[in-house]
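Down below is the structure, laid out as C-alpha cells.
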Amino acid sequence: MYMPQARLDVEGHHLDLLNWHFRSWPTVNFPRTIFSSQAIVIETFEEGELISDLMALSSLSRTRKSNTTITPKLAQFIVTTGESLYLKMLLVDNLMHADLHPGNILLDASRPNNPMLSLVDAGMVAELDSTEAQNFIGLLSALGSGDARRAATAVLSFGGETTTNEEFALDMEAL
C-alpha cells in the first residue's frame with residue numbers, strides 16, 4: 001500500500017508561516033510558496049550554496065569548485081545569524097524547524113556586504129504549545145548555566161516525565 005512521505009501542502013503552510021515571522025529580517029530568507037497541494041509544492045528558487053558543501057570544501061579540500069571564501073567575518077555572520085534566527089523561532093514564535101542542519105541552509109554570499117541565509121525543507125516544523133516552549137527555555141537556560149541536572153530534567157519533561165532519572169542526570173553531568 002502506498003503511503004505518502006509528506007504532506008506538501010503542510011510544508012507550503014510552514015514556508016508561509018516562516019516567511020511571515022521573518023518578514024522584517026533582511027538577512028534571512030525562506031522559499032516562497034507559489035502553489036501547494038497534498039502531493040505537490042512549487043516554491044521559489046533560492047540562490048546560494050549549501051552550508052554543508054561549504055563546510056566540506058573548506059575542511060577537506062584545497063581545490064574548490066566554489067567561489068565562496070569563508071572569511072572570519074562571513075563565518076561569524078553564519079553562526080550569529082543562524083543562532084539568532086533559531087532562538088527567535090523557538091523563543092518568540094514558538095516554532096521549531098525540526099530538520100535544521102547544514103544541508104538545509106543556503107548561503108548567498110554573492111554580495112559580500114549583504115550575505116543572505118536561506119532555510120529550505122520546511123516539511124518538519126513544529127508549532128510549540130506553551131509547555132513545550134517552556135521546556136525548551138528550561139533546557140537552554142540549564143545548558144547556558146552549565147546545570148546538567150536541570151538540563152536532564154528539561155529533556156525528560158518533553159516525554160512527560162515529572163522526576164529526573166538519576167542515571168540520565170549522571171550521564172548529562174558526564175557529558
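The values are calculated or read from the model by the stated rules, or taken from the named source; none is laboratory data. The model shown is predicted, which means the values in this text are computed figures rather than measured ones. Backbone-built Cβ (ideal geometry, glycine too); neighbour counts: all protein chains shown.
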Q: State all residues of region 95-131 that are surrounded by fewer than 16 Cβ atoms within 10 Å (Cβ to Cβ) and among the polar types (S, T, N, Q); if no residue qualifies, say none.
A: Ser110, Asn113, Asn114, Ser130, Thr131
**Q.** Filter result for Asn19 (at pLDDT below 95, in the same structural domain as Pro115 (by TED's automatic domain parsing) and either in contact with a strand residue (DSSP E or B) (Cβ under 9 Å, 6 or more places away or on another chain) or assigned to a helix (DSSP H, G or I) (or both))
**A.** no
Q: Determine whether region 29-41 contains at least one residue that is exposed (fewer than 13 other Cβ atoms within 10 Å of the Cβ), touching a strand residue (DSSP E or B) at 6+ places or on another chain (Cβ under 9 Å) and part of a strand (DSSP E or B).
A: yes
Q: Within region 132-160, track down each residue that is part of a loop (DSSP other than H, G, I, E, B) and surrounded by 14 or more Cβ atoms within 10 Å (Cβ to Cβ).
A: Asp147
Q.
I'd like to know if region 4-16 contains one or more residues that are over 29 Å from Thr131 (Cβ atoms), at pLDDT 90 or above and either in a loop (DSSP other than H, G, I, E, B) or of a type in the set (Lys, Arg) (or both).
A. no
Q. Among the polar types (S, T, N, Q), under 23 Å from the mean Cα position of the chain (by Cα) and within 30 Å of Trp25 (Cα to Cα) - does that describe any residue in region 149-170?
A. no
Q.
I want to confirm something. Restricting to region 109-128 and keeping residues that are over 17 Å from the mean Cα position of the chain (by Cα) and at pLDDT 90 or above, which single residue is farthest from Lys73 (Cα to Cα)?
A. Ser110
Q) Does region 95-107 include one or more residues that are in a helix (DSSP H, G or I), among the hydrophobic types (A, V, I, L, M, F, W, C) and either modelled with pLDDT under 90 or not assigned by TED's automatic domain parsing to the domain that holds Glu47 (or both)? A) no
(Q) Cβ-Cβ distance below 6 Å, separation of 6 or more or different chains: which pairs start in region 59-80 with a residue that is modelled with pLDDT under 70 and end on one that is assigned to a helix (DSSP H, G or I)? (A) Arg64/Leu57; Ser66/Leu57
